[in-house]
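Q: Handing you a structure now.
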Amino acid sequence: MSKLVVTSSPHIHDGRTSRSIMLDVVIALIPVIIASAILFGPRALLVVAVTTAACVLSEYTACRILKKPVSTNDLTAVITGILLALNLPVSIPLWMAVIGGIIAIVIIKQMFGGVGQNFVNPAIAGRIVLLISFASYMSNWSKPFSYLNSSADAISSVSAVTAATPLATMEAGGELPSLINMFLGVRPGCLGETCALAIIIGGIYLVIRKVITPVIPLCFIGTTVILTWLMGGDPLYHLLGGGLLLGAVFMATDYTTSPVTTKGKVIYAIGCGVITSVIRMYASLPEGVSYSILLMNILVPHIETLTAPKTFGYKGAE
Amino acid sequence: MNNVIQPARKIKGGAKAPHFKRTAEMESVVMPAPEMVVIPMQQHIGAPCKPTVKAGDNVLVGQVIGDTDAFVSAPIHSSISGKVKSIGSILLSNGKKCDAIYIENDGKGEFFREIRPVEIKSKADLLAAARASGIVGIGGAGFPTHVKLAIKDDMNVDTLIINGAECEPYITSDYRESIESPERIIAGMEMVMKQLNISRGIVGIESNKPQGIAAIKKCLEQNTSVDIDIIELPAMYPHGAEKMLIYAATGRQVPMGGLPSDIGCIVMNITSVSVLYHYISTGKPLFRKRLTVDGGAIKEPKNVFAPIGTRISDIVEFCGGFKGEPTKLLLGGPMMGISQYDLEMPITKQNNAIIALTEKETFVTLEQPCIRCGRCLCVCPMSLMPVTIERSAKIGDTAALKKLSVSNCMECGCCAFACPSMRPLTQYMKDAKNILMRKGTSK
């Protein structure tokens, strides 16, 4: 008789690991990445690769410097990298994309304690820092398929054909793309935000694989659509025009920065929707999804405390 | 009346634990009494028993060898006939020490001469019989059955629930009881209901035990004098947890810190009620237990009747020994069972299974950082927040722990079973309870 392992119960596990969950998120993002490559050209893939590499390397370096176990294996840095890229215009200078990745991982994630400890979504914080620092580069929108016409090497050159996003067009007035084009993503915008079809496919995959529940996406999207409509906007263009779908499906549902309680998820998502609508309709910015998620991220601990479930039998017999 | 009905309520959460009930079709076999048994004097919650025999005494099967005057306790009987070799201290698997009586088998298997059927005419008779039978609950704590049945007349207990859910993976000992002696279960229920003036009886069995349901149903069809229903519970862990069973069966919630009797229910294990009737009809107390011996490291999985105090090694040997090296040895099921470090540990009244897992079956906790996915909340049947409780426990925030109602945790293991970061959450829940208890007593 050799050694018997002695541990606390339970002695079995359902087999689902954090890594497999994160791998599911990466899989769910693949349709969005493919759509971005079709719409904005091979440079989209380059941007994704660069931010992902920047995030993973930052994670590795930060863990080594902070003398913590290296956590690159859990794939969370990969997801942050992909999401950051999907929130950038295709024309972004690559060094800026790298800075975004470093900020997201080193400052937002690792300095606050690493995976599960960051108080805001790293990809969103990275995007917002870039947006504030390099406003013009961050709103330099290429027209879809314009890479096909540019003569120079499609990967290295930045397309000259630019246009305003549908949300900006709505604010300024002008001709909008057809709804079917909006749904398929044939409109200017960030890499991953334009193709609603791909995002919905990814979202359905996440729900089927039980990575997320539909609560946050549905409440977030529903609130924004209804409120923008009540405020006099066109709800369908608000649904498809900005980063709402990408934000609601992939960013607002980030485990670490969203409430764990179901009631909390509802409050959080409605809050995101309200802030997004108000920014879009009344603020000087055309888009508010990132800011709304960032602001609601900060409120998560309080939302959780207020929505703690009542334990079984807390007031006696029903 | 006397029907198979669906649960009144759906429980929240729960874990989709595998069933592994491969011993379900295996008829129980009685193992020959071993050379020696080790009978600990603490096999229940409450006061430990004091040995009533001394080294050198001859004892017979069913003879009382340990007892106490304390109310919350249950007498302990000899499980074999033979000579008391010695009385010494033993370290139990829960980390507590107590006296244990070592008895050498004389091979005669002779029963104690005073064993005879008991006549039950009143509630007092029933309670006395329940105590004398030595029966305790098997829900981990080992709550003496006679204490459970000693309800005050003003408590309005109207429902007797028999727990045959057996939601733990592997274990089929209760299932075998319902197949092999359904008439004893029904007769025992009838007696308890009559003496305690309880109007309604419910047998809760999970839907993955169709033969048990059928056997009891058949029994009920022949006996229509009592109001007993069978509730077919969904085959999902932890329907066998007392509070969950009551909720599923009646829709009533046991208040936090309260007892089932507070909401008019008494819950008895299906084997306990059967053994109680067996005692009343024959006078034979609880001296042996049916154990499911299973797991990848067991050569011949079986349901075995083993004398209480039989050492694990003897039982495993009866089941053909080990197949390869066992990595983990459990008394009880894999969700709530206690892992053992010593094969010489004796089995007690509360045990219903020995599970030996191979290295492949042993899940190794490589604790990773919490990603706050919230799965522990989703699966918690008590609607607790394990993720938040863990954080509060680590910083010793007793006020927060109190607010988070951690004392309501029943340690079912669902949170740790579902945690994708392999965190031993159930252990953290236990720690948190201990922190609260220590603080509570130091004030």
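Q: Please calculate the 1.4 Å probe accessible area of A:Leu306, with all protein chains present, and give it to the nearest 10 Å².
A: 150 Å²
Q: Can you give the angle from 0 to 90° between the axis of helix A:76-86 and the longest principal axis of chain A, with both taken from C-alpha atoms, to the nearest 10?
A: Rounded to the nearest ten degrees, it is 20.
Q: Turning to a different aspect of this structure: Send over the Kirkwood Rh of the stretch B:198-302, from the inverse of the averaged 1/r over different Cα pairs, rounded to one decimal Å.
A: Values: mean 1/r = 0.0622 Å⁻¹.
It works out to 16.1 Å.
Q: Given the pairs B:Lys299/B:Lys360; A:Lys315/B:Lys402; B:Lys152/B:Lys433; B:Lys148/B:Lys194, which are separated by over 20 angstrom at their Cα positions? Numbers along the way, then the final one.
A: On the way: B:Lys299/B:Lys360 16 Å; A:Lys315/B:Lys402 15 Å; B:Lys152/B:Lys433 30 Å; B:Lys148/B:Lys194 16 Å.
In this structure, B:Lys152/B:Lys433 lie more than 20 Å apart at Cα.
Q: For the stretch A:225-306, with every protein chain kept in place, what is the accessible area per residue (1.4 Å probe, Å²)? Intermediate results must be reported in sequence, preceding the final value.
A: Working: 3120 Å² over 82 residues.
Each residue of the stretch A:225-306 exposes 38 Å² on average to a 1.4 Å probe.
Q: Any idea of the total accessible area buried by the B-A contact, 1.4 Å probe, rounded to 100 Å²?
A: Numbers: alone 19520 and 15420 Å², together 30630 Å².
About 4300 Å² of accessible surface is lost on pairing.
Q: Write down, largest first, the equivalent ellipsoid semi-axes of the stretch A:57-205 in whole Å, where each equals the square root of 5 times an eigenvalue of the alpha-carbon gyration tensor.
A: 32, 17, 14
Q: Which of A:Ile99, B:Thr365, A:Val278 sits farthest toward the positive end of the charge dipole of the protein assembly as shown, with +1 on the Cβ of Lys and Arg and -1 on the Cβ of Asp and Glu?
A: A:Ile99
Q: Sequence neighbours fewer than 8 away in the same chain don't count; with that in mind, list the lysines whose C-alpha is under 27 Å from B:Lys83.
A: Straight-line reach from B:Lys83, under 27 Å: B:Lys50, B:Lys54, B:Lys96, B:Lys97, B:Lys108, B:Lys284, B:Lys289, B:Lys349.
Q: Still on this structure: Can you tell me the alpha carbon radius of gyration of the stretch B:23-110 divided by the globular rule-of-thumb value 2.2 N^0.38 Å? Working shown, then result.
A: Numbers: Rg = 14.1 Å, N = 88, 2.2 N^0.38 = 12.1 Å.
Dividing the Cα Rg of the stretch B:23-110 by 2.2 N^0.38 Å gives 1.17.
Q: Can I ask one more? Efficiency by 1/(1 + (r/R0)^6): what FRET value for B:Asp125 and B:Lys439, r their Cβ-Cβ distance, R0 = 45 Å, to the nearest 0.05?
A: Values: r = 44 Å, r/R0 = 0.98.
That pair, B:Asp125 with B:Lys439, gives E of 0.55.
Q: Another question, if that's okay. If we sort B:48-60, B:14-26 on the protection proxy, mean other Cβ atoms within 10 Å, highest first, what's the order?
A: Details: B:48-60: 16.6, B:14-26: 18.7.
Most protected by this proxy first, the peptides run B:14-26, B:48-60.
Q: Once you order the gyration tensor axes a ≥ b ≥ c over the Cα atoms, which shape class does the stretch B:365-443 get: rounded for a/c under 1.5, otherwise prolate or oblate by comparing a/b with b/c? Please list the in-between numbers first.
A: Numbers: a/c = 2.00, a/b = 1.68, b/c = 1.19.
Since a/c reaches 1.5 and a/b is larger than b/c, the shape of the stretch B:365-443 is classed as prolate.
Q: So what is the 222 nm mean residue ellipticity for the protein assembly as shown from helices alone, if each DSSP H run of at least 4 adds -39500 (n - 2.57) and you divide by all residues, rounding to the nearest 500 deg cm²/dmol? Each step should come with its number before you reach the end.
A: Working: 26 runs with 292 residues, N = 761.
Taking each H run of at least 4 residues, the total per residue is -11500 deg cm²/dmol.
Q: So what are the stretch B:308-428's ellipsoid semi-axes, whole angstrom, largest first, if each one is the square root of 5 times an eigenvalue of the alpha-carbon gyration tensor?
A: Values: eigenvalues 220, 55, 25 Å².
Those come to 33, 17, 11 Å.
Q: Still on this structure, please answer the following. List the pair-distance distribution P(r) of the protein assembly as shown, using every Cα-Cα distance, as the percent of pairs falling in each 10 Å bin from 0 up to the bin containing the longest distance, rounded to whole percents.
A: Bins of 10 Å from zero give 3, 13, 20, 19, 15, 11, 9, 6, 3, 1, 0 percent of pairs.
Q: For the stretch B:225-332, what does the accessible surface come to per residue with a 1.4 Å probe? Please give it in Å².
A: Details: 2780 Å² over 108 residues.
It amounts to 26 Å² per residue over the stretch B:225-332.
Q: Give me log10 I(q)/I(0) at q = 0.11, 0.12, 0.16 Å⁻¹ for the stretch A:158-263, Debye formula, one equal scatterer per alpha-carbon, no solvent.
A: So the normalised log intensities work out to -0.37, -0.44, -0.74.
Q: Can you bin chain B into rounded, prolate or oblate? Criterion: square roots of the alpha carbon gyration tensor eigenvalues sorted a ≥ b ≥ c, rounded for a/c under 1.5, prolate for a/b above b/c, oblate for the rest.
A: Working: a/c = 1.41, a/b = 1.16, b/c = 1.22.
Cα axes put chain B in the rounded bin.
Q: Residues of the stretch B:370-402 that become at least 50 Å² less accessible with every protein chain present than in their own chain isolated, using 1.4 Å: which are they?
A: Relative to the lone chain, where solvent access is computed with a 1.4 Å probe, the stretch B:370-402 loses at least 50 Å² at B:Ile371, B:Arg372, B:Arg375, B:Ser383, B:Met385.
Q: Here is a further query. Ignoring ligands, DNA and RNA, what percent of the 1.4 Å accessible area of the stretch B:75-227 is carbon and sulfur?
A: Values: 3110 of 6480 Å².
Of all accessible area on the stretch B:75-227, carbon and sulfur atoms account for 48 percent.
Q: In debye to the nearest 20, how big a dipole does the stretch B:6-139 give about its Cα centre with +1 on each Lys and Arg Cβ and -1 on each Asp and Glu Cβ?
A: Details: 18 positive and 13 negative charges, 174 e Å.
Computed about the Cα centre, the dipole is about 840 debye.
Q: What ratio of Cα Rg to 2.2 N^0.38 Å holds for the stretch B:228-284? Intermediate values should be presented prior to the final figure.
A: Values: Rg = 13.6 Å, N = 57, 2.2 N^0.38 = 10.2 Å.
So the Cα radius of gyration is 1.33 times the expected 2.2 N^0.38 Å.
Q: For the stretch B:148-195, which trypsin sites (Lys or Arg not before Pro) pass both filters: DSSP loop (anything but H, G, I, E, B) and at most 14 other C-beta atoms within 10 Å? Intermediate values should be presented prior to the final figure.
A: Working: sites: B:Lys148, B:Lys152, B:Arg176, B:Arg184, B:Lys194; in loops: B:Lys152.
Filter output for the stretch B:148-195: B:Lys152.
Q: Using all Cα-Cα distances in the stretch A:165-211, what percent lands in each 10 angstrom bin from 0 up to the longest?
A: 26, 42, 22, 9, 1
Q: Could you tell me the extents of the stretch B:198-243's C-alpha atoms along the three principal axes, largest first, rounded to whole Å?
A: Dimensions of the stretch B:198-243 along the principal axes of its Cα atoms: 33, 25, 9 Å.
Q: Taking just the alpha carbons, could you work out the radius of gyration and Dmax for the stretch B:142-273, both in angstroms?
A: 13.8, 40
Q: How many partner chain Cβ atoms sit within 10 Å of a residue's Cβ in peptide B:414-424, on average, as a whole number?
A: Working: counts 2, 1, 7, 8, 4, 5, 11, 7, 3, 0, 4.
Partner-chain Cβ atoms within 10 Å, mean over residues of B:414-424: 5.
Q: Taking square-rooted eigenvalues a ≥ b ≥ c of the alpha carbon gyration tensor, is chain A rounded, prolate or oblate, where a/c under 1.5 means rounded and, failing that, a/b exceeding b/c means prolate?
A: Working: a/c = 1.97, a/b = 1.32, b/c = 1.49.
Oblate, since a/c reaches 1.5 and b/c is not below a/b.
Q: May I pose another question? Taking the inverse of the average 1/r across all pairs of different Cα atoms in the stretch B:290-378, what Kirkwood radius in Å do you get? Before the final figure, lay out the partial values.
A: Details: mean 1/r = 0.0716 Å⁻¹.
After inverting the pairwise mean of 1/r, the radius is 14.0 Å.
Q: Would you kindly calculate the mean projected area, averaged across all directions, of the convex hull enclosing the Cα atoms of the stretch A:1-74, in square nanometres?
A: On the way: hull surface 33.5 nm².
With every direction weighted equally, the projected area is 8.4 nm².
The values are calculated or read from the model by the stated rules, or taken from the named source; none is laboratory data. Predicted, not measured: the structure shown is a model, and the values here were computed from it. Please note: Cβ atoms are built from the backbone with ideal geometry, for glycine as well, and neighbour counts cover all protein chains shown. Protein only, heavy atoms only, side chains kept; ligands, DNA and RNA dropped before computing areas. Shrake-Rupley method; radii C 1.70, N 1.55, O 1.52, S 1.80 Å.
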